[in-house]
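Reviewing the structure listed below.
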Amino acid sequence: MSGVVHTNTAELFLVGQDASNMMGDPAGVCYPTSTAEVQEAVRWARAKGMTFIARGAGTGLAGGAIPTAGSLVICLTKMNQIRSIDVARRSAWVEPGVLNADLSRRTSRHGLHFAPDPSSQQSCTIGGNVANNSGGPHCLSEGVTSAHILALEVVLPSGEVCILDAENSLFDLRGAFVGSEGMFGIATAIEVRLVQNPPHVSTMVVGFASVHEGAMAVSAIIAHGIIPSALEMMDAPITRAVEEYVHAGFPLDAAAMLIVEIDGLEHSVSHGSLEVKDIVHRFGATSFRVAKSSAERALIWKGRKTAFGAIARIQPNYYLHDTVVPRKKLAEVLSQVSIIAAQEQLQVMNVFHAGDGNLHPILMFDKRVDGVMDRVHRAGSEIVRVSLEAGGVLSGEHGIGLEKRDFMRWMFTENDLLFQQKLRSAFDPEGISNPHKVLPRGSGCADMSSIPPGSWV
Amino acid sequence: MSNIAGRFQLVNEEDLNTCVNCGLCLPHCPTYRVTGEDIFSPRGRINLIRSVKHGDLELTKDVVTALDTCIQCMGCEPACPSGVKYHEIISPVKAELHTRWNLRDATLRCGLYVVTHMRTLRFFTSAISVAQKLKVFPQKLPVPKLNFRQPHFNIDAESSSKREVLLYTGCVMDAWYRNVHLDTIALLEALGYSVQVSGDEYGCCGALHEHAGFAQVAEKIQSKIPRPTNSSMMVVNSAGCSASLKKTLAENRVVLDINELLHLHIEDLQKILVRQNETVLVQEPCHLRHVQGISQEVKELLEISFTVTQLEDDGLCCGAGGSFSFSQPVMATAVRQRKIDEIDRVIDSISPHSVHYLASANPGCSSFLSGCGFDVEIAHPVSLLAQSLRPRISGGGQ
Amino acid sequence: MLRSEVNLGSAVTDLQHQMASSDTVCIVGSNSTDVAPADTDASVLQAPAGLISYEPDELMISLFAGTSIADVNIELQRANQRIVVPDWGTIGGAIATRRNGLRESHHLTLPNNVLRCTVIAADGSLYQGGGQVVKNVSGFDLVKLVVGSWGLLGLIVEVTMRTEPIPQVSQWLQSVDPTASDQVNHLYKPAVITHVNEATFVLLEGNEQDVNQEISRLNGFALCDMPKLDRSLQMDRLHHLSHDMPHSIERSIRKQFDPSNKLNKHIATQRDLLT
């Protein structure tokens, strides 16, 4: 085993990072190609008294994949085979390193796809989706990753392998494992549910004169009993930044823009679209456009999904937040977010899953400016505070990781956290699988020992 | 090594800062795709270059390997939402790494010397063709079946068309793929162009040298390319060369890739090309798709005469990468294998043996792919289109 | 009306005291599931009933877990909404037994619609999982764990459920022709496909024109009423579970949550989870 553990500084430096702004200090990295090799790696780490951490593509934003000092990084990118596709049952067994977009691409000729579609879907792995219970625009009607995982083959922190599914346990261990951020063990094979591709799709781009009106329209659409397949909002600054390079025909004069997509059978799509058109106009829509071709639709989604990248064209660094608030509070919380950013003299942009109240305020900055990080951190925690005060939660899809670990007490009581810790202990009594994440420091909850440098704590 | 590390200072800090570590480039990088290792990814390489530049990381053997194994296919650039100019970051680094000296490098230098000397190149070409006939030339090498003597250009001297175009003939393209030039001329003349050929005076464009990191040699070659006194358009049928010449001659003349030019005349072509009952699978050269942004054009052109199928790999590199397949054979072969698997997968998914040609608009890709005993005929899209030309009516033109 | 007269806050506190002071506890809903009789000396605890809040515009309802599902659906119908749970027993009971009914083919339906639950643990303390929003990955998923835990991890007292608009049309169809059943695979997202003995049942829901169009694509199917559901299937599941590796994780969860083996001993015994 020691032969296949890479320890050169360059590689360790790279696998010590993900898409967050944090940095870890691992002791080794290995690339198993089978369940047996993952098992071997876990046992090797145990024998050496090391902790270990599973890694996918490293696209997480909450630092969930940042290794704690001295841990073994078990990188699953070489386990990238689709083991089987069961077209009749609409399911597939895949290895954790399969990329989200690749899976849908490979199942498309059967008219099927994997529903969760995080913006990083071209790069992120199914294993990572399981760990973070990932979302995406189309989770509004289809549900998040947890709703699409039928069974898991898992290497437990003890080194044993088992299958978690509905048939072999009373408790929903599968459900508990999804979203456990790598702290319950390592999924080495995943049975995913595949969803039928919709026969009809209508994608609408709607402009509004104010963020408030846009947010009110979102609530009204849902309240009317329409569940679009996706309902996204972008504010004016991000719309302008994106339009500059995507040229998707986004309304540049609008203060806020909605992307509303309805899919399904012919009449429900046509009726739903008409109703949406009617509602948005009642809420003062300044422009309304329906994508006329699949190419036009693809361009709209390209603009939406790569939106955050456009920020690098404005400021070199960004901090992408992720909280959820009740839909009716969207307008109120968005205005609070802009006040918070103004107070800390930071630029802010919003591009988010409005349909399920999942905010993504993006704070932009240049980290080379003195003291800017303090302001970013302050603004970040204020955004979390106002979201919770509005009845919301810490994270809708990015996870807690290291980023929001110490905000957990803002949302949960000590006893809530204690029971979360109990669940963790049942899977990982020694706390060796991705330690120090999710549960806050102090009390009986957190794992012992050091904190990675650069942690947002 | 430390003096080389010092030269990493040439990389622009702003270019490095544009990368936010998001990882959206990862699946578009052929070396990450085949290894799954961050160190062989654009994000990883940028991170390494930045850290070496800032003195946070030493320029160890592992860092050099990571940088050496970059094919420079530029698949990461169009994929990057932040607009990182990866070529601006990797090119100076590649150039600096080539101040090393080893056997493989020395052999590479010899090869690159040959392509800039057309007589020597033609001599070797004839020699290889003899060796191929005697079956003593290793089939595995990425060299297509060569002719002892190249067919002559047969230019329609009578043509008095006002549409003039200069066909850039290049080095390897002319010595090994003269037929593609003849097909290009046939198509252009059918479209009413009067075609001139650049000939050996223009020689090599230096793309191979630049790509391999021999920046100074490349500059020298590029400075020798004649700058025209008239401003006729130049057309190039090798994707790697058209990408390079567009840059080199940016201030002197209009340079178009042949696919680009033909696509401008797609309606005329629809009139003069006949339908063939064959299926073509398109392999997109990186320098066409990623560097020049020419992708659907080739498909649309071929669709005039053929049933066209595309690969579903976002134009991932085939591993040829100019001289990359020579300098990094292990990585190049792994990348090629992935491409071949993808081709096989697509062919299987249609129905067995229904693909007749693999179209590739770059000689590097064609020869590298032909070196693996591929059982589908590899052809330049221009040759496939020329095959479909209606028999010419006397007088030519339209 | 659903809202209860009694002070339910104090009812929860009372239950916490009872839980803390009892050695053996049997948790019951409306006893709609035919479980084995409890120990005679066990304290029988039942969650209170009543509506906490209902926000039709948010597609969300919060309830005390002892509320009957029939009552919930009456309340929801006023706003043309529903929860997709078989129409008997209490909401707490449905959650504790993961009662998906005919939607078993989509066995994730119920767990995904429980957004939050508050539970009285074996030691009498309260713990909560999830939140009052439709999308949430904050912390480990105690909700998923509690759904289907048969009262072995505590007494569910409060829940927040996702509601959904009632579709324009809901139509059951059945066919006894075994060759006809293949056709249902070509339907677009039917709400339910289920097989009862030789018959294939399918439920189509949605826009009226769409449903009619889908029906016209089916040959050998006849319109029918909802098939009857065998309630005993619920308990059967307990006996068909394997005892290999995941079982030891279940034991250790149980040990963490109920170290003194206080809760629902009759269920724990059947699953061999006494520690």
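Annotation: of all residues in region A:58-69 being under 17 Å from A:Y31 (Cα atoms) and out of contact with any Phe, Trp or Tyr (no Cβ under 9 Å at 6 or more places or on another chain), the one that is surrounded by the fewest Cβ atoms within 10 Å (Cβ to Cβ) is A:G58.
In region A:144-156 there is at least one residue that is closer than 17 Å to A:A354 by Cβ and within 20 Å of the chain's Cα centre (by Cα).
Within region A:217-234, if we keep just the residues that are under 25 Å from the mean Cα position of the chain (by Cα) and surrounded by fewer than 23 Cβ atoms within 10 Å (Cβ to Cβ), the residue that is farthest from A:N358 (Cα to Cα) turns out to be A:I226. With respect to the stated conditions, A:P198 is at the interface with chain C (Cβ under 9 Å from one of its Cβ atoms) and modelled with pLDDT of 95 or more. Determine whether A:K292 is under 14 Å from A:T203 (Cα atoms) and more than 14 Å from chain B (Cβ to nearest Cβ). Spelling it out, A:K292 is indeed under 14 Å from A:T203 (Cα atoms) and more than 14 Å from chain B (Cβ to nearest Cβ). On inspection, C:G129 passes the criterion of being in contact with a helix residue (DSSP H, G or I) (Cβ under 6 Å, 6 or more places away or on another chain) and either free of Cβ contacts under 8 Å to residues at least 60 places away in the same chain or more than 7 Å from every other protein chain (Cβ to nearest Cβ) (or both).
So in region A:120-140, with the set limited to residues that are within 10 Å of another protein chain (Cβ to nearest Cβ) and touching a Pro at 6+ places or on another chain (Cβ under 8 Å), which one is nearest to A:A298 (Cα to Cα)? Ranking the candidates gives A:Q122 first.
Scanning region B:272-310 for residues that are of a type in the set (K, R) and within 30 Å of B:Y86 (Cα to Cα) gives B:R289, B:K299.
Would you say C:V134 is of a type outside the set (F, W, Y) and part of a loop (DSSP other than H, G, I, E, B)? So C:V134 fits the description; yes. Among the residues of region A:317-328, just one is over 15 Å from A:H398 (Cβ atoms) and either assigned by TED's automatic domain parsing to the domain that holds A:E232 or among the polar types (S, T, N, Q) (or both), namely A:N317. When you look at A:L99, is it within 14 Å of chain B (Cβ to nearest Cβ) and at pLDDT 95 or above, yes or no? So A:L99 fits the description; yes.
Of the residues B:V11, B:V84, the single one that is surrounded by fewer than 23 Cβ atoms within 10 Å (Cβ to Cβ) and of a type outside the set (D, E, K, R) is B:V11. Among the residues of region A:322-338, just one is over 23 Å from C:Y54 (Cα atoms) and β-branched (V, I, T), namely A:V337. Just to verify a result, which residue in region A:388-409, among those that are within 23 Å of A:G136 (Cβ to Cβ) and acidic (D, E), is farthest from the other protein chains (Cβ to nearest Cβ)? Across region A:388-409, the extreme among qualifying residues is A:E403.
Among the residues here, C:G50 does not qualify as in a strand (DSSP E or B) and within 9 Å of chain A (Cβ to nearest Cβ). Checking each residue of region A:250-269 against the condition of being among the aliphatic types (A, V, I, L, M), surrounded by 15 or more Cβ atoms within 10 Å (Cβ to Cβ) and part of a helix (DSSP H, G or I) gives at least one match. The residue list B:L16, B:L48, B:L67 contains one member that is farther than 26 Å from A:Q121 by Cα and within 12 Å of chain A (Cβ to nearest Cβ), which is B:L67. Please indicate, with yes or no, whether at least one residue in region C:95-105 is within 11 Å of chain A (Cβ to nearest Cβ), under 27 Å from A:G401 (Cα atoms) and basic (K, R). The answer is no, given that none of the residues of region C:95-105 is within 11 Å of chain A (Cβ to nearest Cβ), under 27 Å from A:G401 (Cα atoms) and basic (K, R). A single entry from B:T35, B:T60, B:T18, B:T65 fulfils the requirement of being among the hydroxyl-bearing types (S, T, Y) and within 19 Å of A:A19 (Cβ to Cβ): B:T18. Scanning region B:16-60 for residues that are of a type in the set (S, T, Y), crowded, with 24+ Cβ neighbours inside 10 Å and either in contact (Cβ under 8 Å) with a residue 40 or more places away in the chain or not in a helix (DSSP H, G or I) (or both) gives B:T31, B:S41.
For the structure I just gave you, tell me whether A:G24 is in contact with a Pro (Cβ under 7 Å, 6 or more places away or on another chain) and not assigned by TED's automatic domain parsing to the domain that holds A:N129. So A:G24 passes the test.
Taking the criterion of being more than 9 Å from chain A (Cβ to nearest Cβ) and either over 20 Å from the mean Cα position of the chain (by Cα) or in a loop (DSSP other than H, G, I, E, B) (or both), the residues of region C:155-172 that qualify are C:T163, C:P167, C:V169, C:S170, C:Q171, C:W172.
Rundown of residues vs (1) more than 14 Å from chain B (Cβ to nearest Cβ); (2) under 16 Å from A:L61 (Cα atoms); (3) without any contact (Cβ under 8 Å) to a residue 60 or more places away in the chain, yes/no style:
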position: A:L330; (1), (2), (3): yes, no, no
position: A:S335; (1), (2), (3): yes, no, no
position: A:A342; (1), (2), (3): yes, no, yes
position: A:H353; (1), (2), (3): yes, no, no
position: A:D366; (1), (2), (3): no, no, yes
position: A:D374; (1), (2), (3): yes, no, yes
position: A:M411; (1), (2), (3): yes, no, yes
position: A:R424; (1), (2), (3): yes, no, no
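Of everything in region A:1-36 that's charged (D, E, K, R) and not in a helix (DSSP H, G or I), which residue is farthest from the chain's Cα centre (by Cα)? Within region A:1-36, the match that is farthest from the chain's Cα centre (by Cα) is A:D25.
Which number in (1) more than 9 Å from chain C (Cβ to nearest Cβ); (2) buried (at least 20 other Cβ atoms within 10 Å of the Cβ); (3) under 20 Å from the mean Cα position of the chain (by Cα) marks the one condition that A:A379 misses? That leaves (3) as the condition not met.
In region B:211-233, the condition of being touching a strand residue (DSSP E or B) at 6+ places or on another chain (Cβ under 7 Å) and surrounded by fewer than 24 Cβ atoms within 10 Å (Cβ to Cβ) is met by at least one residue.
Scoring A:V324 on the criteria (1) of a type in the set (V, I, T); (2) modelled with pLDDT under 95; (3) in contact with a Lys or Arg (Cβ under 7 Å, 6 or more places away or on another chain) leaves a single failure, condition (2).
This table checks each residue for (1) more than 16 Å from C:G130 (Cα to Cα); (2) surrounded by fewer than 22 Cβ atoms within 10 Å (Cβ to Cβ).
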position	(1), (2)
A:G399	no, no
A:E403	yes, no
A:D406	yes, yes
A:M411	no, no
A:Q420	no, no
A:S425	yes, yes
A:E430	yes, yes
A:H436	yes, no
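Based on what the data block shows, is C:I83 farther than 27 Å from A:L417 by Cα, in contact (Cβ under 8 Å) with a residue 24 or more places away in the chain and within 12 Å of the chain's Cα centre (by Cα)? Here the answer is yes, as C:I83 does meet what is asked.
Within region C:228-259, work out how many residues are at pLDDT below 80, outside any loop (DSSP other than H, G, I, E, B), within 15 Å of A:D172 (Cα to Cα) and among the aliphatic types (A, V, I, L, M). Residues flagged as at pLDDT below 80, outside any loop (DSSP other than H, G, I, E, B), within 15 Å of A:D172 (Cα to Cα) and among the aliphatic types (A, V, I, L, M) within region C:228-259 amount to 1.
The values are calculated or read from the model by the stated rules, or taken from the named source; none is laboratory data. No experiment lies behind these values; they were computed from the predicted model shown. Cβ sites come from the backbone with ideal geometry, for glycine too, and all protein chains shown count toward neighbours.
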